[in-house]
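The structure appears right after this line, and notes come after that.
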Amino acid sequence: MNGVLIALVKRNLKKYLRDKASVFFSFLSVIIILLLYILFLGQMQIDNLKAEVGDIDGIAWLVSAWIMSGILMVSTVTVPLGAIGGIIDDRADQILDDFYVSPISKNKLALSYLISSWVIAFILVFVNLIVGQIYILSQGGEFLAFFDFIKILLLMIFSIMTFSSFFFYLSIYVKTRNAFGTLSTIVGTFIGFLGGIYIPIGVLGSSVQTFMSILPTAHAVTIMRKVYMSGAVEKVFGNSPSQFYDEYAEIYGLKVMIGNFEMQEWHMLLSMGIFMAIFYGLSILKLSKSKL
């Protein structure tokens, strides 16, 4: 990166982190999900599992890992969305107009917002990951194994870049703070449902399951869960017949089924990659014809 681009990225980072309200609202969905599980949903899930498979050691670890992996995915959606809101603020405050009369190129300006959203999201989602690991330890679980931790970091980056592509494209069209605030509210409200976090996907109707299974949110959360929960799954289901795990995986979203077709991990990664390529491609096309 050249000096101008680095300076713009630094400027966007400082601007976002100075606005405590933006940081808080980027995590609002995460806070709500966490409170719901601490207050009652977590214990309900533990009770349900004990009724199905018995009081096996490690169930609290399994449930807390399921919750934290879901929350991690949610934050890879909501934090980039909040960070990209800086474009809307600069447009509303006519700061973009000031940039356009400067020698800074339009493409460099757009790239600075995108890179800063990736960096902000990685920092804050990483903090979320560490907090989640401490919470799991407090529930009798264990830290992720080293290679699983590296896998989760890579999946975090991939997920952040995937969902940033979509919100960056929308930010080209959203012109006002009110419209962006409405978009953030809608995303924050529904992301827990779309990721199968408030209600496990397996208890929903078949048409709803099919709809959710084709979305990249389901693919991102499923891949993260498979890695994040591997230790707890081995602890709980390691000595049980495989059918117990298969039933659990289907209900609690460790598998993605479209009809009778089970998506493999590479299918889900490919799906997210195509989603990302489409929206970055559309953004480039749009910006080639108009301003940010």
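Of note:
- Taken over segment 250-266, residues that are open to solvent by 40 Å² or more (accessible area, probe 1.4 Å) and either in a helix (DSSP H, G or I) or touching a strand residue (DSSP E or B) at 6+ places or on another chain (Cβ under 8 Å) (or both) amount to 7.
- Number of the exception - residue 196 against (1) open to solvent by 20 Å² or more (accessible area, probe 1.4 Å); (2) on the phi > 0 side of the Ramachandran plot: (1)
- Taking segment 260-286 as the range and being without any contact (Cβ under 8 Å) to a residue 60 or more places away in the chain and of a type in the set (Ser, Thr, Tyr) as the test, only 271 passes.
- Note on segment 211-249: residues that are of a type outside the set (S, T, N, Q), surrounded by fewer than 22 Cβ atoms within 10 Å (Cβ to Cβ), touching a residue at least 24 places away in the same chain (Cβ under 8 Å) and not in a helix (DSSP H, G or I) amount to 1.
- All helices (runs of 4 or more DSSP H) inside segment 4-63 with 3 or more residues being touching a residue at least 12 places away in the same chain (Cβ under 8 Å), within 16 Å of residue 123 (Cβ to Cβ) and open to solvent by less than 60 Å² (accessible area, probe 1.4 Å): 20-26
- Scanning segment 97-135 for residues that are farther than 23 Å from residue 157 by Cβ and of a type in the set (S, T, N, Q) turns up 102, 105.
- Across segment 163-170, a minimum of one residue is classified as polar (S, T, N, Q), touching a helix residue (DSSP H, G or I) at 6+ places or on another chain (Cβ under 7 Å) and either over 28 Å from residue 61 (Cα atoms) or not in a helix (DSSP H, G or I) (or both).
Quick grid of which residues meet (1) in a helix (DSSP H, G or I); (2) buried (at least 21 other Cβ atoms within 10 Å of the Cβ); (3) basic (Lys, Arg); (4) touching a helix residue (DSSP H, G or I) at 6+ places or on another chain (Cβ under 6 Å):
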{"residue": "103", "(1), (2), (3), (4)": "no, no, no, no"}
{"residue": "117", "(1), (2), (3), (4)": "yes, yes, no, yes"}
{"residue": "126", "(1), (2), (3), (4)": "yes, no, no, no"}
{"residue": "137", "(1), (2), (3), (4)": "yes, no, no, no"}
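- Among the residues making up segment 154-180, those that are loosely packed, with under 14 Cβ neighbours inside 10 Å and of a type outside the set (Ser, Thr, Tyr) are 154, 175, 178, 179.
- The condition of being open to solvent by 70 Å² or more (accessible area, probe 1.4 Å), in a helix (DSSP H, G or I), modelled with pLDDT under 90 and not aliphatic (A, V, I, L, M) holds for only one of 190, 147, that being 190.
- Pairs, first over 17 Å from residue 231 (Cα atoms) and in contact (Cβ under 8 Å) with a residue 24 or more places away in the chain in segment 116-137, second in a helix (DSSP H, G or I) and open to solvent by 20 Å² or more (accessible area, probe 1.4 Å), C-beta under 7 Å, six or more apart: 116/13; 118/161; 119/13; 120/13; 122/157
The values are calculated or read from the model by the stated rules, or taken from the named source; none is laboratory data. The structure displayed is predicted, hence computed values, not measured ones. As a convention, Cβ positions derive from the backbone with ideal geometry for all residues, glycine included, and neighbour counts pool all protein chains shown. In case anyone asks, the SASA skips ligands and DNA or RNA and just uses the protein heavy atoms, side chains included. Shrake-Rupley method; radii C 1.70, N 1.55, O 1.52, S 1.80 Å.
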